Amino acid sequence: MGTIKRICRMCRPHAKFALIGFAALLLANATRLVLPLFSGWIVDDVIKGGMTQKLLPLCGAILGLTVLRAVCNYVRGVSFERLSQNFCFDLRTGLYRHLSEMSYRFYDNNYIGEIMSRMTGDIEGLRNLLAGGVVQILENSIWFFGSLIFLFFINWRLALVMVCVAPIVAVIAVHFRRKIHRAFKDVREQNAVLSTKTQENISGVRVVKAFAQEEHEKQAFSVENRKQLTLLLKTTYIWSDYVPVLDFLGNFCTPLLLGIGGTMVISGSMTLGALVTFTGYIWMITGPMRMLGNLINMLTQAITSAEKLFYYQDLGAGIRTCEHPKFPQPFTGHVRFERVTFGYSDETVLCDFDLDVPAGSTCAIMGATGTGKTSIVNLLGRYYECRGGAVRIDGVDVKDMPLLSLRDRIGYVNQETFLFSESIENNIRFGRPDASFERVQAAARAAQADEFIQQMPQGYDTIVGERGLGLSGGQRQRIAIARALLYDPTILVLDDATSAVDMETEHEIQKHLKSIMRGRTTFIIAHRISSVKNADQIVVLDGGCVAERGTHEELLAKKGLYFRMYQDQYRDFEDITARKALNLSAAKEVL
């Protein structure tokens, strides 16, 4: 009932459609409830009583009521359809906005395929409930209780027979609802798993084919699909156990009441017209009894879908702007990490981490995989919350800043480049939709992307494939760099931004970045020494703590971790240089 009440509250903005629909539904069913009375009057007054003058008025009244019911049904259908479509529009929009506010941690713990299943199948289930399910439930309720009231006025003895059968039907229906609700909940869960499996396999089809794992993935999909089939069959078995019983009880009432009513007509205690009228109401009573199983089935599916959707809505964004935000003026980009502790679940990634990056300076962060390099820059924009300590920009804790204002000052080039299925121009101007084409092209030149873009058949209007898969890894990275440069942030984060480009292209990008980075606070996360050697300070992480800190020359002089990384990367280059020098010396001696 709590879920139903919540659905009703969400329908309030569109109450006018609900009211019009309910009014039309009541009027349509009122006309249907009185029709059996006209049939009885025709039998008693016209056929048996000989009052032929009443035939045309009564037939005209029946025709008029039929036309009125048809008009009401049209209005009812349109109104409830408008209600359902507007409800789903609001729910889908609100849910999307809510999901866009969720932190990275939410997406770490929830599968995209499951979220898509909720946004499509579950919302459609609710739409079906409001567009047609509510109508069927209300109509059957009006038919049952309205007909029962009329039956008591016509013949209370026959009505009591129905009253005796109804509790049996109610008890069976309650047991049916309890069992089918649990079954449908399992079905929706497995459907989300199946959607996730499908989404991952389609997105990762290149990896699947590269490792020739098509058969393995087919079998894995078949296993999950088989689980879905088993759960669906379980709901079918539950349905088969209960619905035929409800259907039997509904059908059983018809011959029972006709037999009793026929006996009463023969004995003279009830007129034939009253029996005809009674028969009309019997169908209105037994119909809902037969339909009860299907109605419960449909209602339970919709409620299960609503519970899953409301679960997402009730999670809360996790990271929100505080009640009394502060924002530094001016925003220069002086960043300080003060005894910051951070981790994922039970794992601690950063422990008592300290870092001071003056405004306009460049800080490079290096270290082995899993040492927390990306975590540091993710804490800058509050995409995650630190467990302890504080991240301050210009002296203000990022937790006290307005989220949108904070993130508007930070430009990211992530290590996993994502491009939208739009034109290259729109991908570059994503952060600044109002930017001119000249600025877009200037950013592309700085990122060494303009040349390859111009060589494409449609240039900047070229539509990239899903996630940018129509481009090479290096091309995607250069477009991502251009996007960040056009954003014109105060703080620039380059997270392995040139890992997919060759050394020559990286050198050209670095030359352009020098002028662009001037005056900006820049964080560079990289594995290549060539990407970080010009930074104002280089931080080497080890075990979630700062192992070394200094300039390129200072760290080489320490002969520590950075020096060993330098040796690993430049050993081959030095060997080649040494061999060239020896060959040159030998050639001179020969000469």
* Structure fact -> Computed from every Cα-Cα pair in region 93-198, P(r) in 5 Å bins starting at 0 and rounded to whole percents is 2, 9, 11, 14, 14, 11, 9, 8, 6, 6, 5, 3, 1, 0
* **Label-point separation in nm, residue 514 to residue 51, each point 7 Å along Cα→Cβ** => 10.8
* Structure fact -> Per the rule of 0.36 nm per residue minus the C-alpha distance, extending residue 240 to residue 454 adds in nm 70.6 nm
* **Violating pairs (Cα-Cα greater than 25 angstrom) within the set 179/227; 234/308; 197/234; 399/514** => 399/514
* Cβ-defined net charge surrounding residue 345, 12 Å radius [Lys, Arg +1; Asp, Glu -1] -> -1
* Asked: Using alpha-carbon pairs under 8 Å, 6+ residues apart, how would you state the relative contact order of the chain in percent?
  -> 13
* How many nm separate the modelled label positions at residue 161 and residue 430, each set 7 Å beyond the Cα in the direction of the Cβ? -> 7.2
* Under 13 Å from the Cβ of residue 554, count the other residues' Cβ atoms, weight Lys and Arg +1, Asp and Glu -1, and hand me the total. => +1
* Asked: Which values, in whole Å and largest first, are the semi-axes of the equivalent ellipsoid of region 335-561 obtained as the square root of 5 times each eigenvalue of the Cα gyration tensor?
  -> 30, 20, 16
* Asked: Counting only DSSP beta bridges with both residues in the chain, what percent are antiparallel, rounded to the nearest 5?
  -> 55
* To do: Based on a Kirkwood Rh over C-alpha pairs, give the Stokes-Einstein translational diffusion coefficient of region 2-315 at 37 °C and viscosity 0.692 mPa s in µm²/s.
  => 143
* To do: Using the number of other C-beta atoms within 10 angstrom as an exposure proxy, rank 285, 20 with the fewest first.
  => 20, 285
* To do: Under 14 Å from the Cβ of residue 316, count the other residues' Cβ atoms, weight Lys and Arg +1, Asp and Glu -1, and hand me the total.
  => 0
* To do: For region 270-376, report the translational diffusion coefficient in µm²/s to the nearest whole number, using Stokes-Einstein at 4 °C, 1.567 mPa s, and a Kirkwood Rh over Cα pairs.
  => 60
* If you stretched the chain out fully between residue 107 and residue 570, how much longer would it get, using 0.36 nm times the residue separation minus the C-alpha to C-alpha distance? -> 162.8 nm
* Points 7 angstrom from Cα along the Cβ direction at residue 4 and residue 182: gap in nanometres? -> 2.1
* Calculate one ³J(HN,Hα) per residue across region 138-145 by plugging θ = phi - 60° into the Karplus curve 6.51 cos²θ - 1.76 cosθ + 1.60, and present them in order as whole Hz with x for glycine and proline. => 5, 4, 5, 5, 5, 4, 5, 6
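Report the gain in length on full extension from residue 116 to residue 329: 0.36 nm times residue separation, minus Cα-Cα distance, nm rounded to one decimal.
Net length gain for the segment: 72.6 nm.
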* About the Cα centre, charge dipole magnitude for the chain (Lys/Arg +1, Asp/Glu -1 at Cβ), debye -> 1940
* Structure fact -> Computed over region 220-366, the relative contact order (Cα-Cα under 8 Å, seq sep at least six) in percent reads 16
* So for 257, 403, 229, fewest C-beta neighbours within 10 Å to most, what's the order? -> 229, 403, 257
* **Nearest-0.05 FRET efficiency for residue 314 and residue 39, computed from C-beta distance (R0 56 Å)** => 0.60
* Which of the aspartates and glutamates could be linked to residue 326 by a straight reach, that is with a Cα gap under 12 Å, when you skip same-chain ones fewer than 8 residues away? -> 394, 397, 400
* Rounded to the nearest 5, what % of the DSSP beta bridges within region 335-561 are antiparallel ones? -> 55
* Structure fact -> Expressed as a whole-number percentage, the relative contact order of region 2-315 with C-alpha contacts under 8 angstrom and at least six residues apart is 30
* Structure fact -> Among (i) 24.7; (ii) 26.6; (iii) 30.6, the entry matching Kirkwood radius over Cα pairs in Å as calculated here is (iii)
* Asked: Where does each of 179, 373 land when they are ranked from fewest to most other beta-carbon atoms within 10 angstrom?
  -> 179, 373
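Laboratory data are not the source of any read-out in this text; all were calculated from the coordinates shown. In this text, all values refer to a predicted model and were calculated from it rather than measured experimentally. Glycine gets a Cβ as well: all are built from the backbone with ideal geometry, and neighbour counts include every protein chain shown.
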